[in-house]
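The values are calculated or read from the model by the stated rules, or taken from the named source; none is laboratory data. Small disclaimer: the values here were computed from a predicted structure and weren't measured. Note: ideal-geometry Cβ built from the backbone for every residue, glycine included; neighbour counts use all protein chains shown.
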Amino acid sequence: MRTKKISLSIISILFLLTGGFIQPQESMDKGVAAAPQSAVINEVAWMGTTGSYNNEWMELSNTTSSDLSLEGWTIEAQDGSPSIALSGSVPAQGYFLLERTSDDTISTVAADQVYTGSLGNSNEVLYLKDASGSVIDEVNSWYAGDNTTKATMERNDRSISGTDPANWSTSTASYEGGFGTPKVANSAVPSGSGSGSESLTNVSEAPGAINVYFNKSASTQYAMQGNEANYNVNLEDRLIERLNEATTSIDFATYEINLPRVVDTLMAKAAQGVDVRILADAKDGSDPHYAERYETMRLYLEKLVRGQDGIVGSADDAHILSDSPMFVVEDAVKRAAYDLPASFSDFPQRNVTVGSTATTGYMFVEGEWKETDSYYSPGNQMHNKFAVVDGKWVFTGSWNFTVTGLYGSEENMNQGILDGNQQHVVEVHSPELASIYKTEFEEMWGSGSTTPNHKVSNFSTRKVDNTPHTLTIGGDTVEVYFSSGDDAVGRMTELVKTEADENAYFTIFAWSDQALVDELKNKWEGSYVDNQGTLTGFDVKGLYDASFWNQWWSASIEMTGRTATQTSTNNPNTRWANPAPVYKANESRKLHAKTMLIDADTNSDPTVIVGSTNWSENGNNVNDENMLIIHDDAITNQFLQEFNARYVNAGGVVQ
């Protein structure tokens with residue numbers, strides 16, 4: 001959603017006046033610059049405990065992925081009490097407990113340090129300073145906590161300022177002294193997730209609206225005026241809300257699906273007479289990484305094929321096609337658990353070849369036809385995750401419609417805890433964009449009706465470039481590319497080469513494309529040559545998913561100046577002479593986004609690249625993917641807020 005935008009001349013003036021960044025007001029009043037938050041004041045028992053009002057305690061949290069020494073650090077109250085010279089260290093992502101006067105303040109948890117000096121019950125201001133005297137974190141009021149129940153004030157999000165009233169909650173977890181969480185995750189924050197209460201402040205239903213949702217935190221102190229990002233968002237709720245608005249059609253492309261509420265919503269819309277068409281990826285059932293999840297998905301998809309009445313071929317059925325055929329799960333116990341009939345003879349028993357494997361089973365979803373009784377293998381991925389609703393809304397991004405993708409576990413899902421992979425979603429109100437996505441959908445679907453034509457359908461490398469790539473949405477230029485066939489990563493490479501002027505920031509799950517990393521190298525240090533170059537002033541920052549940080553083919557190896565353990569024609573390992581400040585992500589689960597920001601917060605066409613496409617040979621030329629390139633300063637700024645939160649959490653410095 002485009003909102004009011006700050007004049008760049010005003011931003012420039014503020015930038016100069018603040019020495020390169022805008023400081024918290026209290027820090028400016030004291031003449032102390034706010035340093036990057038490597039640690040924060042995470043919880044304060046300003047009210048004491050049920051044992052005594054004198055039993056005050058505080059907890060620090062290390063936000064980085066390395067142990068943090070506190071030697072020379074201090075906690076200082078504005079009124080002088082307490083004033084604590086810290087010592088010791090905080091484990092990576094761990095906690096440091098300070099108990100007042102005695103280690104008996106909390107008898108069941110050992111203090112890391114005992115201090116003296118009391119906290120006031122109101123109007124207290126605390127500063128956490130590093131060994132140089134720089135303010136690392138600040139708390140300027142008791143925004144939460146309860147003196148009656150002795151419930152502590154606990155931080156919701158470590159990447160958001162301690163001076164933000166909305167970033168504090170009253171603890172709901174009981175412990176021996178009342179309510180609090182000494183040396184464990186705060187009650188408002190799932191362990192390792194970094195998420196707190198949902199913030200939805202920038203949503204529009206207007207034609208031309210572009211709404212962006214992040215399931216993790218965002219650093220809204222970097223927002224343009226009136227442009228705070230939507231963060232800690234339950235993406236399932238947003239998807240269901242959009243699907244429920246459908247009156248005529250839903251085209252749904254899913255790499256994987258196992259969210260029962262989404263399945264129930266699709267079934268309900270089909271029963272209401274909405275045309276529900278689903279493209280699904282057929283995973284290799286013999287792959288041990290997917291076997292159980294693949295069975296679960298097939299059970300849910302069979303429910304959709306049967307509809308609410310459980311009868312195949314009736315009016316309330318959803319319609320499904322896959323890149324490779326799917327066969328029913330025959331296990332009687334599992335079928336009963338998903339309320340499926342014990343008999344599945346209403347589907348045809350088929351003897352076919354899938355890839356090069358002879359397969360027999362009851363086929364309930366057709367796949368892309370190769371020749372008589374022969375289908376393509378499930379080895380290539382239909383990796384899209386998008387929905388087109390009523391031919392006017394497009395819902396897309398990096399989020400797979402799965403339990404692990406959003407919640408992390410079924411237990412978390414049942415409790416509404418968002419501890420899944422880091423994700424983003426973009427939804428766009430544009431009939432023109434919806435028509436382009438429909439064309440792509442129907443190229444795979446094989447027809448323009450509710451009945452797919454598996455003999456005409458084309459997935460993967462059988463597709464052609466048959467859609468426009470540029471359109472205007474709400475006054476913004478938006479580009480759209482599909483894989484394979486459209487060379488989406490090639491367009492990214494061209495964009496970096498010809499249009500990036502000042503900066504490029506990225507969060508990426510998997511990146512192996514050499515041409516793209518080489519263009520960024522040339523921007524960074526003015527050379528394409530291995531281990532040569534001089535810094536140009538172009539700013540590069542980035543994060544890689546931890547699982548690919550050390551892979552020999554990953555761009556992370558080159559950008560950090562390391563030598564790969566092996567090379568290939570497509571990955572010659574062109575090392576950067578000047579290592580860039582890129583990091584291994586420090587998320588509780590996967591960093592799953594595929595996002596690059598170009599010239600964010602400048603007047604040089606700020607642009608964000610988003611979607612399902614990993615920057616790799618498979619992502620560009622083999623899998624079925626989609627990518628949006630949005631030329632808009634406000635949308636790019638919202639992605640910058642989320643990027644900064646992830647970057648600081650990984651140990652990066654944002655100025």
- Query: Do you know which residues across region 345-357 are surrounded by 14 or more Cβ atoms within 10 Å (Cβ to Cβ) and either in contact (Cβ under 8 Å) with a residue 40 or more places away in the chain or part of a strand (DSSP E or B) (or both)?
  - Reply: Arg350, Val352, Thr353, Val354
- Message: Quick check on this structure: which one of Ala111, Ala34 is among the aliphatic types (A, V, I, L, M), buried (at least 19 other Cβ atoms within 10 Å of the Cβ) and either at pLDDT below 90 or not assigned by TED's automatic domain parsing to the domain that holds Ser174 (or both)?
- Response: Ala34
- Note on the structure: Given (1) closer than 30 Å to Ile473 by Cα; (2) at pLDDT 90 or above, Glu198 misses just (2)
- Query: Can Asp137 be described as within 24 Å of Ser66 (Cβ to Cβ) and in contact with a strand residue (DSSP E or B) (Cβ under 8 Å, 6 or more places away or on another chain)?
  - Reply: yes
- Item | Unique residue being out of contact with any Ser or Thr (no Cβ under 6 Å at 6 or more places or on another chain) and of a type in the set (Phe, Trp, Tyr) when the list is Tyr544, Tyr583 | Tyr583
- Phe252 fails exactly one of the following numbered conditions: (1) within 17 Å of Asn380 (Cα to Cα); (2) in contact (Cβ under 8 Å) with a residue 60 or more places away in the chain; (3) out of contact with any Gly (no Cβ under 7 Å at 6 or more places or on another chain). What is the number of that condition? (1)
- When every residue in region 510-525 that is touching a Phe, Trp or Tyr at 6+ places or on another chain (Cβ under 9 Å) and small (Gly, Ala, Ser) is compared, the one nearest to Glu558 (Cα to Cα) is Ser512
- Every residue from region 254-272 that is β-branched (Val, Ile, Thr) and within 23 Å of the chain's Cα centre (by Cα): Thr254, Ile257, Val262, Val263
- Sole miss for Met444 among (1) under 20 Å from Thr607 (Cβ atoms); (2) in contact with a strand residue (DSSP E or B) (Cβ under 8 Å, 6 or more places away or on another chain); (3) aliphatic (A, V, I, L, M) is condition (1)
- Could you tell me whether any residue of region 639-649 is crowded, with 21+ Cβ neighbours inside 10 Å, under 30 Å from Ala282 (Cβ atoms) and among the polar types (S, T, N, Q)? no
- Item | Residue in region 272-302 that is surrounded by the fewest Cβ atoms within 10 Å (Cβ to Cβ), counting only those that are free of Cβ contacts under 8 Å to residues at least 24 places away in the same chain and among the acidic types (Asp, Glu) | Glu292
- Task: Select from region 267-293 the residues that are part of a helix (DSSP H, G or I) and either modelled with pLDDT under 95 or hydroxyl-bearing (Ser, Thr, Tyr) (or both) and write down the one among them that is nearest to Asp251 (Cα to Cα).
- Result: Arg293
- Item | region 476-502 residues that are assigned by TED's automatic domain parsing to the domain that holds Lys523 and on the phi > 0 side of the Ramachandran plot, paired with ones that are surrounded by fewer than 16 Cβ atoms within 10 Å (Cβ to Cβ) and of a type in the set (Val, Ile, Thr) (beta carbon under 8 Å, 6 or more apart) | Gly485/Thr461; Gly485/Val464
- Message: With the structure loaded, tell me whether Ser588 is of a type outside the set (A, V, I, L, M, F, W, C), part of a loop (DSSP other than H, G, I, E, B) and under 19 Å from Val648 (Cα atoms) or whether it fails that test.
- Response: yes
- Scan of region 312-331 for residues that are surrounded by 11 or more Cβ atoms within 10 Å (Cβ to Cβ) and aliphatic (A, V, I, L, M), ordered by number: Val312, Ala318, Ile320, Leu321, Met326, Val328, Val329
- Report whether or not Thr567 is in a loop (DSSP other than H, G, I, E, B), surrounded by fewer than 24 Cβ atoms within 10 Å (Cβ to Cβ) and modelled with pLDDT under 95. yes
- Those residues of region 59-84 which are in a loop (DSSP other than H, G, I, E, B) and either closer than 16 Å to Gly133 by Cβ or free of Cβ contacts under 8 Å to residues at least 60 places away in the same chain (or both), in sequence order: Asp67, Leu70, Glu71, Gly72, Trp73, Gln78, Asp79, Gly80, Ser81, Pro82
- Quick one: would you say Phe506 is in contact (Cβ under 8 Å) with a residue 60 or more places away in the chain, under 26 Å from Phe441 (Cα atoms) and either among the hydrophobic types (A, V, I, L, M, F, W, C) or touching a His at 6+ places or on another chain (Cβ under 9 Å) (or both)? no
- Task: Would you please list the contacts, defined by Cβ atoms under 6 Å and residues six or more apart or on different chains, that run from a residue in region 161-172 that is free of Cβ contacts under 8 Å to residues at least 40 places away in the same chain to a residue that is of a type in the set (Val, Ile, Thr)?
- Result: Asn167/Ile160
